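Student: Next up is a structure, given as structure tokens.
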Amino acid sequence: MQKEINNIIRSKVAQYAKSKGLKVAYPNCNFDSKSETYLELHIMPATTLSMDVAGGMRTYKGVCQININTQAGAGVSQVLEIANELIKLFDLNNTLSDDNIKVHVVSVPNVLPSITQNFTFTQPISFNYRADI
């Protein structure tokens with residue numbers, strides 16, 4: 001089930017990135033675009049819960065973190081503009097879905113403290129998600 005949840009979130013991020021001309025770095029996939037602004041997606045599942053005695057209803061929870069990466073020293077205006085757009089895209093109570101599964105955003109997306117490492121400036125954004133299946 002986590003694969004399907006990941007695909008729903010990835011699809012939404014990919015659609016946004018394409019509309020903005022940005023590339024997306026996915027975990028364990030080759031990526032060589034470190035010289036421009038790009039997104040980096042991390043979906044971190046938490047413990048799956050069973051909400052009924054029979055174990056038929058499962059709740060899949062997790063955290064999604066989207067890093068906005070750009071060259072260090074380029075300023076923060078473009079990065080914060082992208083951050084604001086991503087916050088609106090994944091706002092609290094938004095529902096992402098395909099034909100069978102609905103993934104709910106269950107926290108307000110947060111802009112986390114930025115990180116500068118070597119030649120890269122990273123601005124993380126994270127939110128919690130939940131899918132009841």
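Student: Return the long-range amide H neighbours of Gly62 (sequence gap of 5 or more, or a different chain), with a cut-off of under 5 Å between placed amide H atoms.
Tutor: Residues meeting the amide H criterion: Ala46, Tyr129.
Student: Between Asp132 and Met1, with labels modelled 7 Å along Cα→Cβ, what's the label distance in nm to one decimal, could you check?
Tutor: With each label placed 7 Å out from Cα toward Cβ, I get 1.2 nm.
Student: With just the Cα atoms defining each centre, how far is the stretch 85-133 from the stretch 1-59? Give it in Å.
Tutor: 9 Å
Student: Okay, moving on. Between (i) 0.96; (ii) 1.42; (iii) 1.12, which entry matches Cα Rg over 2.2 N^0.38 Å as derived from the coordinates of this structure?
Tutor: Computed from the coordinates, Cα Rg over 2.2 N^0.38 Å corresponds to (iii).
Student: Using R₀ = 22 Å, calculate the FRET efficiency as 1/(1 + (r/R₀)^6) where r is the Cβ-Cβ separation of Cys29 and Leu112; round to 0.05.
Tutor: After rounding to 0.05, the efficiency reads 0.45.
Student: Any idea what angle helix 2-20 forms with the longest principal axis of the chain, computed on alpha-carbon atoms, 0 to 90 degrees, nearest 10?
Tutor: 30 degrees
Student: As a check on your grasp of the helix formula, calculate [θ] at 222 nm for the chain: sum -39500 (n - 2.57) over DSSP H runs of n ≥ 4, divide by the residue count, round to the nearest 500. Could you put the intermediate results ahead of the total?
Tutor: Working: 2 runs with 32 residues, N = 133.
Calculated mean residue ellipticity at 222 nm is -8000 deg cm²/dmol.
Student: On to the next question. Between 0 and 90 degrees, rounded to the nearest ten: what's the tilt of helix 77-89 against the longest Cα principal axis of the chain?
Tutor: So the helix axis and the longest Cα principal axis differ by about 10 degrees.
Laboratory data are not the source of any read-out in this text; all were calculated from the coordinates shown. These numbers come from a predicted model, not from an experiment. Methodologically, a virtual Cβ is constructed for each residue, glycine included, from the backbone with ideal geometry; neighbour enumeration extends over all protein chains shown.
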